[in-house]
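Following: one structure in structure tokens, then a few remarks.
The values are calculated or read from the model by the stated rules, or taken from the named source; none is laboratory data. In this text, all values refer to a predicted model and were calculated from it rather than measured experimentally. Neighbour counts run over all protein chains shown; Cβ positions are idealised from the backbone, glycine included. Accessible surface areas use protein heavy atoms only, side chains included; no ligands, DNA or RNA. Shrake-Rupley method; radii C 1.70, N 1.55, O 1.52, S 1.80 Å.
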Amino acid sequence: MRIVILAGGFGTRLAEETEVKPKPMVEIGGRPILWHIMKHYAHYGFKEFFIALGYKGEVIKRYFLNYYALNGNITVNLSDGGVQVDNQKSEDWVVHLMDTGLQTLTGGRIKRLMPWLKNETFMVTYGDGVSNVNLQDLLEFHSSHGKLATLTAVRPPARFGGLIINGDLVGRFTEKPQSGEGWINGGFLVFEPGFFDYLEGDNTSLEADGLERLALDGQLGAYRHPDFWQCMDTLRDLRRLESLWQSGNPPWKLWD
């Protein structure tokens, strides 16, 4: 099972961080959110990734080119420049870093990967959101309905905290849970190769052109995930994710 992670957008709503790096490289707990997403997939046994690069893709390339060395012990022989790396716990992933164009839209990025994905079921997600969705259950659900695609439907997180009011007095403030109103596309998608027929080129949007057309044709399943999901669109989102990580029990950390 090959995993596509869309990592080429400009991340303009998080400009404070994305002036020097692409949004998937913004860190939570000292690790890029992209790493957290990949750890989630690897936890369920999915370890071959296609990272669809665009804006500042070279930052992501450098990260993975240096990953093995920087996550191990390094011995440098200054007399001859020899380098020895001792890394006994690096990830057993295969990562394909694919240039998919600076201005290419989300559907176009997937279309560019067609030569590598056209022969089997594959999964796609965005490079800026984490969840505790059970990916094996998602894949089983997709297989059960026989359609071309499945998206993970999630509850949007509330943007404001709540108040507990006793009479005319505020008793306390509370972190409002995810709202019970409506469902949104949370990413964590599964596609059959026939989906490529819905993608025309670089100017194709995954959402407006691909998913909406699939829905009209009755080819898009919805796997409901009412539990944790959080995107990282703004500094407020980033701070919430960092706070959850520092709590010691972030809900998306399923791995040991």
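Work out how much length Asn134 to Arg31 would gain on full extension: take 0.36 nm times their residue separation and subtract the Cα-Cα distance, in nm to one decimal. Display every interim value, and only then the final one.
Details: separation 103, 0.36 × 103 = 37.08 nm, distance 2.20 nm.
Gain in length upon complete extension: 34.9 nm.
Roll a 1.4 angstrom probe over the protein heavy atoms and tell me the percent of accessible area of the chain that is carbon or sulfur. Write out the running numbers ahead of the final one.
Details: 6480 of 13180 Å².
About 49 percent, which is the carbon plus sulfur part of the accessible surface.
Take every Cα pair under 8 Å in the chain that's 6+ residues apart, average their separations, divide by the length, and report that relative contact order as a whole percent.
Working: 459 pairs, mean separation 62.5, N = 256.
It rounds to 24 percent for the chain.
Tally Lys and Arg at +1 and Asp and Glu at -1 over the other residues with C-beta under 12 Å from the C-beta of Gly210: what net charge comes out? If you can, show how the numbers build up before the last one.
Values: positive: Arg109, Lys111, Arg213; negative: Asp197, Glu200, Glu207, Asp209, Glu212, Asp217.
Net charge around Gly210: -3.
Round to a whole angstrom and tell me the spacing of the C-alpha centers of the stretch 197-237 and the stretch 96-158.
8
Mind checking the per residue accessible area of the chain for me, 1.4 Å probe, whole number of Å²?
On the way: 13180 Å² over 256 residues.
Accessible area per residue, the chain: 51 Å².
By per-residue mean of other Cβ atoms within 10 Å, what is the highest-first order of 241-249, 86-94? Before the final figure, lay out the partial values.
Values: 241-249: 13.6, 86-94: 10.3.
Answer by packing, highest mean first, reads 241-249, 86-94.
Which value at 222 nm does the chain reach when only helices count, each DSSP H run of 4 or more adding -39,500 (n - 2.57), with the total divided by all residues and rounded to the nearest 500 deg cm²/dmol?
Computed ellipticity for the chain at 222 nm equals -7000 deg cm²/dmol.
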